[in-house]
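The values are calculated or read from the model by the stated rules, or taken from the named source; none is laboratory data. As the structure is a computational prediction, the values presented were derived from the model and not from experiment. Cβ atoms come from the backbone with ideal geometry, glycine included; neighbour counts cover every protein chain shown.
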Amino acid sequence: MEELKRAVAREALKFIEDDMVVGLGTGSTTAYFIEYLGKLIMEEELEDVYGVPTSYQSRMLALENGVPVVGLDEVDAIDIAVDGADEVDPHLNLIKGRGAALTMEKIIEYRAGTFLVLVDESKLVERLGQKMPVPIEVIPAAWRAIAEEIEVFNATAELRMASKKDGPVVTDNGNFILDARFHRIEDPLDLEIELNNIPGVVENGIFADIADVVLVGTREGVKRLER
Ligand SMILES: O=C[C@H](O)[C@H](O)[C@H](O)COP(=O)(O)O
């Protein structure tokens, strides 16, 4: 599995050119991409490339690996964003947020000229929600009320608990995460919009209609899916 992740991360480098502003996603697959990107920058094979991190994780990795970082408020545009995903359906709709970085990821990926997604073949599903819950970032004071409201959607929501801290996971933005399991997600775009209409919801992990290209690491090589 790690080799498949490395292979898609290497393939993603072909999309990066001099003078690009690159959105840097979060997670184990993007970590390889940031490492390889840093290598090309350090070896001067790429010039004037800047990364816009989507999390503390991607910021730290970029700094460690020699990728110059800038904030979203310092750039006029983002040429390309590169990120992993937890599920990809046949229309290239995504579930993201296993790493709790969904809000900043969506802010940056929505604005990128091209949004390139890197996954291994285990992430491909027929229907979103088949394997993974939908993460929902919420204002802490509202978590219980929102968890109850989610039941209207024929779903159950669980507060995500931390493993190296007592109590809940706290996101980079200081919020909580609810993991919502839906009986069946018929229309991802519809659900994405409806969830964000609930007061107290900051953002949710359905990324409908924004991925442009998905690189899939398979045992037979890297496959390219396009919308
Ligand atoms: O918040 C985390 C992100 O959405 C990740 O991009 C996603 O969970 C995929 O991560 P990985 O490449 O580690 O499977």
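Descriptive notes on the structure:
Residues are listed down the side, and each one gets a yes or a no for (1) of a type in the set (G, A, S); (2) over 17 Å from I198 (Cβ atoms):
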| residue | (1), (2) |
| --- | --- |
| I136 | no, no |
| P140 | no, no |
| I146 | no, no |
| A155 | yes, no |
| E158 | no, no |
| K165 | no, yes |
| V170 | no, yes |
| L178 | no, no |
| H183 | no, yes |
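- Single residue of the range 109-135 satisfying the filter (touching a Gly at 6+ places or on another chain (Cβ under 9 Å) and charged (D, E, K, R)) that is farthest from L72 (Cα to Cα): E121
- The one condition from (1) closer than 24 Å to E3 by Cα; (2) under 13 Å from the mean Cα position of the chain (by Cα); (3) not polar (S, T, N, Q) that K39 does not meet is (2).
- A search for C-beta distances below 8 Å between a residue of the range 151-163 that is over 13 Å from I177 (Cβ atoms) and any residue that is part of a loop (DSSP other than H, G, I, E, B), counting only pairs 6+ apart in sequence or on different chains, returns N154/H183; N154/R184; A155/H183.
- Residue in the range 133-155 that is in contact with a His (Cβ under 6 Å, 6 or more places away or on another chain) and modelled with pLDDT under 95 present: yes
- Residue in the range 13-41 that is farthest from the ligand (Cβ to nearest atom), counting only those that are of a type in the set (A, V, I, L, M) and assigned to a loop (DSSP other than H, G, I, E, B): M20
- Evaluation of L191 against (1) over 18 Å from the mean Cα position of the chain (by Cα); (2) assigned to a helix (DSSP H, G or I) (one fails), failing number: (1)
- Candidates in the range 175-186 are the residues that are in contact (Cβ under 8 Å) with a residue 24 or more places away in the chain and outside any strand (DSSP E or B); of these, the one that is nearest to G200 (Cα to Cα) is N175.
- Strands (runs of 3 or more DSSP E) contained in the range 68-164 and holding at least 1 residues within 16 Å of the ligand (Cβ to nearest atom): 78-83, 112-120, 134-138
- Subset of the range 55-67 [of a type in the set (S, T, N, Q) and assigned to a helix (DSSP H, G or I)]: Q57, S58, N65
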